[in-house]
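What follows is one structure encoded as structure tokens, with my remarks underneath.
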Amino acid sequence: RQGMRAFALSYRKAFLDHPNATAVIARRTVSAPSSLRYYTEAVVRLTGAGWSHSEALEIVLAVDYLVMGSVMVPFSAGFARAPESYRPEYEPLARAVEETDPDAVDERVFTSALDRYLDALGDPPGAP
């Protein structure tokens, strides 16, 4: 799990460092040799840890979804209006936006979702 977490964090950072590449890469099929090597290595590592091939691919894809989603649709860009503009009709939302640090929320939500997902995986079937 620690290896997957470290990979996901560095994978996300690479996309954040090159935001224009994210949308292009997200629309491509997995056919480039570098992508095929990445997915193959990830499946090899996860099957070596005890996951089946299909489970391994599902784990890698889930991490991809978390990474790509967090980069392409960040919270901080979604609620750009001032909290007061949501009042009075959306008071609970206004309070939530008001209490949320837009400079930290995207990273915090990503790492929280990633950690919860990885923790929920548990151990591979048949692990001691």
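Identify the residue in region 87-109 that is assigned to a helix (DSSP H, G or I) and over 27 Å from residue 15 (Cα atoms) and, among all such residues, is least open to solvent (accessible area, probe 1.4 Å).
For region 87-109, the residue satisfying everything is 94.
Have a look at 21, 32, 42 and point out the one that is open to solvent by less than 60 Å² (accessible area, probe 1.4 Å), over 25 Å from residue 104 (Cα atoms) and at pLDDT below 90.
32
Which pairs do you get when a residue that is within 16 Å of residue 113 (Cβ to Cβ), found in region 2-25, comes within reach of a residue that is not hydrophobic (A, V, I, L, M, F, W, C), reach meaning Cβ atoms under 6 angstrom, with the pair 6+ apart or on two chains?
15/22
Which pairs have Cβ atoms under 7 Å, sit 6 or more apart or on different chains, and link a residue in region 50-67 that is touching a residue at least 40 places away in the same chain (Cβ under 8 Å) and farther than 20 Å from residue 12 by Cβ to one that is of a type in the set (Asp, Glu) and surrounded by fewer than 16 Cβ atoms within 10 Å (Cβ to Cβ)?
Listed pairs, sorted by first residue: none to list.
For residues that are part of a helix (DSSP H, G or I) and of a type in the set (A, V, I, L, M), scanning just region 67-81, find the one that is modelled with the lowest pLDDT. Please lay out each step first, then the result.
Filtering region 67-81 down to residues part of a helix (DSSP H, G or I) leaves 67-72, 75-78.
Retained after the next criterion (residues that are of a type in the set (A, V, I, L, M)): 67-68, 71-72, 77.
On the way: 67: 93, 68: 90, 71: 91, 72: 88, 77: 80.
That would be 77.
Does residue 84 satisfy the criteria of being assigned to a loop (DSSP other than H, G, I, E, B), open to solvent by 40 Å² or more (accessible area, probe 1.4 Å) and over 28 Å from residue 124 (Cα atoms)?
Values: assigned to a loop (DSSP other than H, G, I, E, B): no; open to solvent by 40 Å² or more (accessible area, probe 1.4 Å): yes; over 28 Å from residue 124 (Cα atoms): yes.
For residue 84, the condition - assigned to a loop (DSSP other than H, G, I, E, B), open to solvent by 40 Å² or more (accessible area, probe 1.4 Å) and over 28 Å from residue 124 (Cα atoms) - is not met.
When the residues of region 69-81 are narrowed to those that are within 18 Å of residue 115 (Cβ to Cβ) and of a type in the set (A, V, I, L, M, F, W, C), which ends up least open to solvent (accessible area, probe 1.4 Å)?
Looking at residues that are within 18 Å of residue 115 (Cβ to Cβ) and of a type in the set (A, V, I, L, M, F, W, C), I get 71.
Looking at (1) under 21 Å from residue 9 (Cα atoms); (2) modelled with pLDDT under 95, which one does residue 117 not meet, given that it meets all the others?
Just one mismatch for residue 117, condition (2).
The values are calculated or read from the model by the stated rules, or taken from the named source; none is laboratory data. No experiment lies behind these values; they were computed from the predicted model shown. Every residue, glycine as well, gets a Cβ built from its backbone with ideal geometry; the counts of neighbours run over all protein chains shown. Accessible surface is based on the protein model in full, side chains and every heavy atom, while ligands, DNA and RNA are left aside. Shrake-Rupley method; radii C 1.70, N 1.55, O 1.52, S 1.80 Å.
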